[in-house]
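Structure first, then comments.
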């Protein structure tokens, strides 16, 4: 697999491809989605072979030996149509801010712009304040997840019917696919959904607890389980609280919210998770990075792995995204090698 690498989307997709067994060569370019930070490079480049090129003709030459190409260059930078005309079996996934064509095709974006233009920011933050941007580079990584899936599906199609494909992914459309019912509903005449911050309603919100934050996210069938976890038989016996229409009124929702606040405030995150399991209630907790690193669940899944950084040290990074299937630990971040060596290996003239 050839990664025409610039920013996070192509690098993240190829990182998972390498983990699941693909031989990945990354061509180092100055892509339009920004350079990788030092920490991002340790995580995203591990397990790949890297090479520099003198021009796009060298990239096209390497693509002539690849099964899959994932790239996040500006539209038209790589002549994909010519590559596939020469080799119809080639699978190409292109990730750009707004797709290969259209009025915004030539626009550049930051992660924040991609996040906002995809509509996700319409859901984040309190209505009376500015919208919030989630941590990290969520929009870019979302594009990478979609690119990984698209590459697998395109290659599977090639195995089935012998021909590859060119998948044109837009970061904006990838983000728009994450907003569930909130934005698409307006296309069917529903009113615009306003931002509600951490609290949609009493049984669907985030609350402070003894050692951090946790939240309940109950569907109607789970309400009585929540009352049982709260040890509130009086609420379970209250006809008003068991009527979804009455419970949704502002007055009753405010009353129930006070009860839920008191429940969360009296428990730790571990206690809340235990109650959730026993009463089959969807309760989640806000976990810090340090807690994630020490998580016994992630340890049992073998989620984290060590990467040699090339500086005589190692870094602990996320590994396989889900259990099952074979996963190849990435090992180390390699130095940038010579193009001739890669071409010789891929052409079958060397090893």
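Data table
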| item | result |
| --- | --- |
| Some residue of the range 131-143 being in contact with a strand residue (DSSP E or B) (Cβ under 9 Å, 6 or more places away or on another chain), more than 27 Å from residue 198 (Cβ to Cβ) and surrounded by 14 or more Cβ atoms within 10 Å (Cβ to Cβ) | no |
| Cβ pairs under 7 Å, 6+ apart, first in the range 238-260 and free of Cβ contacts under 8 Å to residues at least 24 places away in the same chain, second surrounded by 12 or more Cβ atoms within 10 Å (Cβ to Cβ) and not in a helix (DSSP H, G or I) | 246/240; 252/240 |
| Condition met for residue 231 (on the phi > 0 side of the Ramachandran plot and modelled with pLDDT of 95 or more) | yes |
| Matching strands (runs of 3 or more DSSP E) fully within the range 171-283 where at least 2 residues are crowded, with 17+ Cβ neighbours inside 10 Å | 204-209, 212-217 |
| Within the range 294-334, considering residues that are surrounded by fewer than 12 Cβ atoms within 10 Å (Cβ to Cβ) and closer than 30 Å to residue 217 by Cα, the one modelled with the lowest pLDDT | 324 |
| Subset tally (residues that are under 20 Å from residue 270 (Cβ atoms) and more than 24 Å from the chain's Cα centre (by Cα)) for the range 202-211 | 5 |
| Counted residues, the range 186-201 - those being farther than 26 Å from residue 111 by Cβ and within 24 Å of the chain's Cα centre (by Cα) | 1 |
| Test for residue 337: is it farther than 30 Å from residue 203 by Cα and either modelled with pLDDT of 90 or more or within 22 Å of the chain's Cα centre (by Cα) (or both) | no |
| Matching option when the condition is outside the structural domain of residue 149 (by TED's automatic domain parsing) and farther than 30 Å from residue 42 by Cβ, among 291, 254, 305 | 254 |
| Meets criteria (modelled with pLDDT under 95 and within 30 Å of residue 320 (Cα to Cα)) for residue 139 | yes |
| Matching residues in the range 1-39 - criterion: being surrounded by fewer than 18 Cβ atoms within 10 Å (Cβ to Cβ) and under 18 Å from residue 148 (Cα atoms) | 20, 21, 23 |
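The values are calculated or read from the model by the stated rules, or taken from the named source; none is laboratory data. Fair warning: this is a prediction, and the values are worked out from it, not measured in the lab. Note that we place each Cβ from the backbone using ideal geometry, even for glycine, and neighbour counts take in every protein chain shown.
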